[in-house]
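Below is one structure, written out as structure tokens, with a few remarks after it.
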Amino acid sequence: MTSNDSVLATSVQKVFLDHFSTQPLVVCAPGRVNLIGEHTDYNEGFVLPAAVDKAVYIAIAPSTSSQGKWVSLDFNESVDIDFQQIVPLPQRWANYILGIVDQLQKSGKPIPLFDCVVAGDVPIGSGMSSSAALESAVVYALNELHQLGLSRWEMALLAQKSENEFIGVKCGIMDMFASLHGKANHVIRLDCRDLSFEYFPIQLGDYRIVLFDTGVKHSLADSAYNARRAQCEEGVRFFQKHYGAPTKSLRDVPIAMVQANRSRLSAEVYNRCLYVTEEIQRTLAACEDLKNGDLAAFGLKMFATHEGLRHLYEVSCIELDFLVDAVQGEPAVLGARMMGGGFGGCTINLVHKDAIDALYKKLAPAYLSNMQHKLGMYMVVTGEGAHVVE
Ligand code: GAF
């Protein structure tokens, strides 16, 4: 057990033993950051995420009674469950578990009732993918418990399907993939078309990944996410109709082709397509910057991504914009942008290590007086993907 694992792993294990008197399997799956490549995963583009040292922990064992009991330490709630009818529950956290059970059943791998205790330190609603971490922990744990023989990418696909179908968010593959494939000190360049990937060592020198947490999550986030996806699909249908079958996704559409069709697309669909095609190219170029150790060029691309998400993709919000605007021009900050689906959560920043405290002290009061929220901050260290905690 690593020191990061120890506290939460011990608490889920202890609570499990108190409730069920059986020794459980304990599994951990991390949250993620994404350096660049936002809203590109469901357009079959590229992303550059890393697993972080904040994770969800699950203690789990087959149930010995006619009902399973699932306990959440974070929500201080429990649900009694049987698998007679798999329908969404009032407790959202439990649906992330039930959705995995549902997908396993649908894929011909029904599993017996189980008891579990879950807890995590991935901040909820921060854009660090606490839900994907929970789904990844559950599928990884059930795969271990019942020797289902699923590979990590099969588990990621299953978790994505569960989120799409059971939770109803049409997310891409990035979050689960990162949670299941993370490697300490590395980012993952993932090709979301064929799921081929490459680990890049993170060499940030004197710079650190710092997340500033807006403390808000606007309620339209899930519906707006699905709407963006639908607008991208509308764009794909347009390009298929006019340019033929090889266009399977926006990945296949050159930026110039989008620009050439400005007058034939609605302003909304045009802007969404332009952002996505630009972001896919920007992500590839940013990976080259990282390989060449050119962090300054990488940082500028982060700012450019934010501009695109703000004005073309329209998934930012005043709180995120405030935080990105506030660090632009700070000599210690190489790059910043909103991270994840949008409408709240965190910005991701590349900040010189000696300037982090002073920057927080400068930003926090300005954020409080302008946005009326306390500013959160997380220093992120990359971590390992899902694993059994010994
Ligand atoms: C959310 C989704 F879950 C991801 O699949 C991805 O689309 C991301 O938003 C935006 O890049 O985290």
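Would you please report the Å³ per residue occupied by the convex hull of the alpha carbon atoms in the chain?
That works out to 143 Å³ per residue.
Under 10 Å, Cα contacts only: if you run a Gaussian network model on the chain, which one of TYR313, TYR207, TYR360 comes out with the highest mean-square fluctuation?
TYR360
For the range 3-130, how big is Rg over Rh, using alpha carbon atoms and the Kirkwood form of Rh?
Using only Cα positions, Rg/Rh for the range 3-130 is 1.01.
So if I place +1 on the C-beta of Lys and Arg and -1 on the C-beta of Asp and Glu, and nothing else carries charge, what would the dipole magnitude of the range 94-215 be about its Cα centre? I want it in debye, nearest 20.
Roughly 200 debye for the range 94-215.
For the range 207-379, compute the number of Lys pairs whose alpha carbons are separated by less than 16 Å, excluding pairs fewer than 8 positions apart on the same chain. Please report the intermediate quantities before stating the final value.
On the way: LYS217/LYS374; LYS291/LYS301; LYS353/LYS361; LYS353/LYS362; LYS361/LYS374; LYS362/LYS374.
Taking the Cα cut-off of 16 Å, the pair count is 6.
Please report, in Å, the Rg and the Dmax of the range 235-352, where both are computed over Cα atoms only.
When restricted to Cα atoms, the range 235-352 yields Rg and Dmax of 15.8, 48 Å.
To the nearest 10 degrees, how steeply does helix 152-162 sit against the main Cα axis of the chain, on a 0 to 90 scale?
90
Can you run phi through the Karplus equation (6.51, -1.76, 1.60; θ = phi - 60°) for the range 357-365 and list ³J(HN,Hα) in whole Hz, with x for Gly and Pro?
Whole-Hz 3J(HN,Hα) from phi for the range 357-365: 4, 5, 5, 4, 5, 7, 6, 4, x.
Quick one: length gained pulling ILE124 to GLN259 fully straight, 0.36 nm per residue minus the C-alpha distance?
Once the chain is fully extended between ILE124 and GLN259, it gains 44.8 nm.
Among SER6, LEU148, MET338, which residue has its Cα furthest toward the positive end of the charge dipole of the chain, with +1 on Lys/Arg Cβ and -1 on Asp/Glu Cβ?
MET338
Between 0 and 90 degrees, rounded to the nearest ten: what's the tilt of helix 267-291 against the longest Cα principal axis of the chain?
The two axes meet at around 80 degrees.
Just for the chain, what percent of DSSP beta bridges are antiparallel, to the closest 5? Numbers along the way, then the final one.
Working: 48 of 51 bridges.
So the antiparallel bridges in the chain amount to around 95 percent.
Quick one: 3J(HN,Hα) in Hz for the range 19-32, Karplus 6.51/-1.76/1.60 with θ = phi - 60°, rounded, Gly and Pro as x.
The phi angles translate into 7, 10, 6, 10, 6, x, 7, 10, 10, 10, 9, x, x, 9 Hz.
Evaluate the charge dipole of the range 207-379 about its Cα centre and quote only its size in Debye, nearest 20, assuming +1 on the Cβ of each Lys and Arg and -1 on the Cβ of each Asp and Glu.
360
Note the direction-averaged projected area, equal to a quarter of the hull surface, for the Cα convex hull of the range 345-390, in nm².
The number I arrive at for the range 345-390 is 5.0 nm².
Hey, got the dipole for the chain? About the Cα centre, +1 on K and R Cβ, -1 on D and E Cβ, debye to the nearest 20? Working shown, then result.
Details: 33 positive and 44 negative charges, 146 e Å.
With only Lys, Arg, Asp and Glu charged at Cβ, the dipole is about 700 debye.
Only the coordinates and a few stated rules stand behind these numbers; no lab work does. The model shown is predicted, which means the values in this text are computed figures rather than measured ones. When we count neighbours, we look across all protein chains shown, and the Cβ atoms used for this are built from the backbone with ideal geometry, even at glycine.
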